[in-house]
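Below: one structure, written as structure tokens.
The values are calculated or read from the model by the stated rules, or taken from the named source; none is laboratory data. All values derive from a computational prediction rather than experimental measurement. As a convention, Cβ positions derive from the backbone with ideal geometry for all residues, glycine included, and neighbour counts pool all protein chains shown. Areas reflect the complete protein model, heavy atoms only, side chains present, ligands, DNA and RNA absent. Shrake-Rupley method; radii C 1.70, N 1.55, O 1.52, S 1.80 Å.
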Amino acid sequence: MTEDTGGTLVRRTDGLMSAAVGDELLMMSAAEGKYFNLNDVGSRIWELLAQPVSAEALVAALTAEYDVDADTAREHVADFLAALRERGLVTSAGETAAA
């Protein structure tokens, strides 16, 4: 698992512009001049990241909203957050959620 599992709170990086295009979300980093595209599940995670949130809270939301088991959701959320972090789209909120 990555560092974005458990109680670490994650939040969106400031300075990103976004627009919904059908079921997808198109985002642009003005600082880097790069575009990013998220599918419907990625868009939902991005929506949930509007406030600092833990990976486990994301897993709970996704298992409630989609036909996915917690272990699969946990693995995909960890991978997705790692990819967002690598691209500079999310960062640690600097807090730890209560266990």
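Brief remarks follow.
- Three-way shape call for the range 14-56 based on the alpha-carbon gyration tensor, with the a/c threshold at 1.5: oblate
- The residues packed around Lys34, meaning those with a beta-carbon under 13 Å from its beta-carbon, carry a net charge of -1 if Lys and Arg are +1 and Asp and Glu are -1.
- Solvent-accessible surface ranking, highest first, for Met27, Met17 at 1.4 angstrom: Met17, Met27
- Coordinate range along principal axes, alpha carbons of the chain, Å, largest first: 37, 31, 20
- Of the residues Val90, Phe36, Gly15, the one whose Cα sits farthest toward the positive end of the charge dipole of the chain, with +1 on the Cβ of Lys and Arg and -1 on the Cβ of Asp and Glu, is Gly15.
- Using only side-chain charges placed at the Cβ, +1 for Lys and Arg and -1 for Asp and Glu, the dipole size of the range 1-62 relative to its Cα centre rounds to 120 debye.
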